[in-house]
Amino acid sequence: MGQLRKDMSELDRVGQAGDWCFEGDDLGMFIRYGASFEQTVHVYIHPEMEGHWQWDGNREAPTLSPSIRVHYQGEDGQDVELWHGFLRAGSLETA
């Protein structure tokens, strides 16, 4: 199970894969899906933000839906998936 971190600085310094922190006023979350801080994804959870994820309101063991897909378009135009999975009850699950 991941762990709630106080802020981005703590997520960077001591965070591990599966840890998260909240963005001010619960607008979004930063979720570390890999070993390095560069493997962190930002998702919006506030209902007024376009494209937001549904959040169950639990700060200590959050669940988001739908799934989270981290990807980019490569130089050749191909879609490159970095990670795809779920945050359920505070645990990351790879799809």
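The table below gives the values:
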quantity	calculated
Checklist (1) in contact (Cβ under 8 Å) with a residue 24 or more places away in the chain; (2) under 17 Å from Gly90 (Cα atoms); (3) not basic (Lys, Arg) applied to Phe37, failing item	(2)
Where a residue in the stretch 1-30 is at negative phi and its partner, wherever it lies, is part of a helix (DSSP H, G or I) and crowded, with 17+ Cβ neighbours inside 10 Å, with Cβ under 8 Å and at least six apart	Arg5/Leu11; Asp19/Leu11; Trp20/Leu11; Cys21/Leu11; Phe30/Leu11
Strands (runs of 3 or more DSSP E) within the chain that include 2 or more residues exposed (fewer than 13 other Cβ atoms within 10 Å of the Cβ)	68-73, 79-88, 91-94
Exclusive hit being of a type outside the set (A, V, I, L, M, F, W, C) and closer than 18 Å to Ser9 by Cα, set Gln78, Gln54, Gln39, Gln73	Gln39
Members of the stretch 57-80 that are among the charged types (D, E, K, R) and at pLDDT 95 or above	Arg59, Glu60, Arg69
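The values are calculated or read from the model by the stated rules, or taken from the named source; none is laboratory data. Keep in mind the model is a prediction, meaning the values are calculated, not measured. A quick note on method: Cβ atoms are made from the backbone with ideal geometry, for glycine too, and the neighbour counts reach across all protein chains shown.
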